[in-house]
Every structure is written in structure tokens, then in C-alpha cells.
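Chemist: To start, I am sharing the structure in question, which I have written as C-alpha cells.
The values are calculated or read from the model by the stated rules, or taken from the named source; none is laboratory data. Note that the structure is predicted; figures quoted are calculated from it, not measured. Positions of Cβ are generated from backbone atoms using ideal geometry, with glycine treated the same way; all protein chains shown enter the neighbour counts.
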Amino acid sequence: MLPDLEAVGGQEPPSLFVPEIRDYQKINAELIALLDRGHPWIRLEGAEGQRLLASGLSGHWSATIEIIGRTGPELAAGMNAPGLTIVARGSTADGAGRGLIDGRIFVSGSATDGAGYDQSGGLLVIAGATGNRAGLRQSAGTIALLGPIGRLAGDRQSGGILFGRTGRLGPYPSRGQVGGRLILVDSPERLADADAREWSRVIDFASTWSSNLATSEPEST
């Protein structure tokens, strides 16, 4: 969760202005430099659909990266950082969390196709609507889709948990599924104990970033 200002010496977090830097490789290199300096909270501002923001981050930092604006394709792709949280305050494009290995991602708005594609660990939460083929080839980790879901959710899933909400699932779910589970949540009290604990973890995490989720209700889209 975001540290309060007192915890970081009463100062606002360092900010990187995406439109000024423009190149995602330079942006991500500056993110790594700030993380290596021990900043617990970093803000990217002015995102306008740039691809691969916060992608390829791998390390043992304990921090939150808050992204303001609309993120482009493959947000936080390939992230392998168990203590890192990415909070995207806006919508995101195809492949959010693609290849996620470890760490946590929260998207407050909608996501287009392929969210969580090839995910092998960590936690991805999409509060708004999700496009087609979310969780394609997921092998481990947890994906939680709290809004309406497009076609072919869980396509070729081989492991992990994919949560959705009852009545919000699109056609042809779990096509080619060979493992893992697609769990539709109606009443959390009806879940098996282990699934209920994981769902509670999802909602606790998500409600940190959206007060609309504090009672396990999805954010309106």
C-alpha cells in the first residue's frame, strides 16, 4: 500500500513525467535507479498509452509505483519483484501483466485483450471491464477480474486461479483448459476455505486502491 507522507519524511514521492521522457526503456531505467535508491513510493505521471511501462522489473525492492493516466500495451510485463506493487490509475491496453512472475498489479480502470497472458505467478487485479482471452496460458498465480469479462477467459489455462464475478463472464470460458481453476464468485461464504482466503486477499489488496471495493463489490465501469 502507499506509504503516508509522514513515513517518507513528509515529502511527496519522486515523479517521472512520461511525455517528457517518452522512451519506455529510459523510463524504466529511471524507475530502477529510484528503486535502487530505496524510494518506497514512485509516481509516473501523464501516461498516454505508452507501451511496456514498468516492464521487466526484477529485484527485491519493497515499493509502490503509481501510474497516472492511460497505460499502453504490456503494462509491467515480465515483472519478477515480490515486494513491488504497480498501481495503474486508469485504463490499460492489451497484455497487462503479460508473463508476470512475481509482484502485484492493480488496474483501476478497464483492460483490453490478453490481460495476464502467460502469467506464472504474482497477483493481477483488473477492477473495470476486461477484454477477450484474459488469463490466456496462465500457469500459476492469481488473476481477479472484477468487472465484465470478454470471450475466452482462461483460454488454455494450465495452473493458478482466475477469479470472475457471477453474471459477468463472457462466452467460451476455459477453452483448452488443462489445469488451474476458473472460479466465479457469487457469495464469498460459499467458497472453499482456501479459495475464500485467496479471494479475501484479493479484495483486501484491491480495496487499498478503491473504496468501492471495500465490501467486495466491483468498481462500476
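Chemist: Is at least one residue of segment 64-73 within 28 Å of GLY150 (Cα to Cα), of a type in the set (Ser, Thr, Tyr), modelled with pLDDT of 95 or more and touching an Asp or Glu at 6+ places or on another chain (Cβ under 8 Å)?
Modeler: No, there is no match, as no residue in segment 64-73 is within 28 Å of GLY150 (Cα to Cα), of a type in the set (Ser, Thr, Tyr), modelled with pLDDT of 95 or more and touching an Asp or Glu at 6+ places or on another chain (Cβ under 8 Å).
Chemist: Name the one entry in ARG133, ARG98 that is of a type outside the set (Asp, Glu), within 15 Å of GLY164 (Cα to Cα), at pLDDT 95 or above and in contact with a Phe, Trp or Tyr (Cβ under 9 Å, 6 or more places away or on another chain).
Modeler: Criteria check complete, one pass: ARG133.
Chemist: Kindly indicate whether THR215 is more than 15 Å from the chain's Cα centre (by Cα) and modelled with pLDDT under 95.
Modeler: yes
Chemist: From the set of residues in segment 183-208 that are loosely packed, with under 12 Cβ neighbours inside 10 Å and of a type in the set (Lys, Arg), which is modelled with the highest pLDDT?
Modeler: Among those that are loosely packed, with under 12 Cβ neighbours inside 10 Å and of a type in the set (Lys, Arg), it is ARG197.
Chemist: Restricting the search to segment 170-186, which residues are closer than 12 Å to ALA134 by Cα and part of a strand (DSSP E or B)?
Modeler: LEU182
Chemist: Pairs only if they're at least six apart or on different chains, beta carbon under 6 angstrom, first in segment 87-108 and more than 17 Å from LEU44 (Cα to Cα) and without any contact (Cβ under 8 Å) to a residue 24 or more places away in the chain, second among the aliphatic types (A, V, I, L, M) and part of a loop (DSSP other than H, G, I, E, B); list them, first residue then second.
Modeler: From residues that are more than 17 Å from LEU44 (Cα to Cα) and without any contact (Cβ under 8 Å) to a residue 24 or more places away in the chain, the pairs are GLY99/ALA77.
Chemist: For the structure I just gave you, tell me whether GLN50 is modelled with pLDDT under 95 and more than 21 Å from SER210 (Cβ to Cβ).
Modeler: Considered against the rule, which asks whether it is modelled with pLDDT under 95 and more than 21 Å from SER210 (Cβ to Cβ), GLN50 comes out as no.
Chemist: Same structure, new question: Can you find a residue in segment 170-182 that is at pLDDT 95 or above, out of contact with any Lys or Arg (no Cβ under 6 Å at 6 or more places or on another chain), farther than 24 Å from GLY78 by Cα and surrounded by 18 or more Cβ atoms within 10 Å (Cβ to Cβ)?
Modeler: Scanning segment 170-182, I find at least one residue that is at pLDDT 95 or above, out of contact with any Lys or Arg (no Cβ under 6 Å at 6 or more places or on another chain), farther than 24 Å from GLY78 by Cα and surrounded by 18 or more Cβ atoms within 10 Å (Cβ to Cβ), so the answer is yes.
Chemist: Residues in segment 120-133: is at least one out of contact with any strand residue (DSSP E or B) (no Cβ under 8 Å at 6 or more places or on another chain) and over 25 Å from ARG22 (Cβ atoms)?
Modeler: yes
Residues checked against (1) within 24 Å of ILE203 (Cβ to Cβ); (2) touching a Lys or Arg at 6+ places or on another chain (Cβ under 8 Å):
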residue: ARG43; (1), (2): no, no
residue: ILE67; (1), (2): yes, yes
residue: ARG70; (1), (2): no, no
residue: ALA96; (1), (2): yes, no
residue: SER120; (1), (2): yes, no
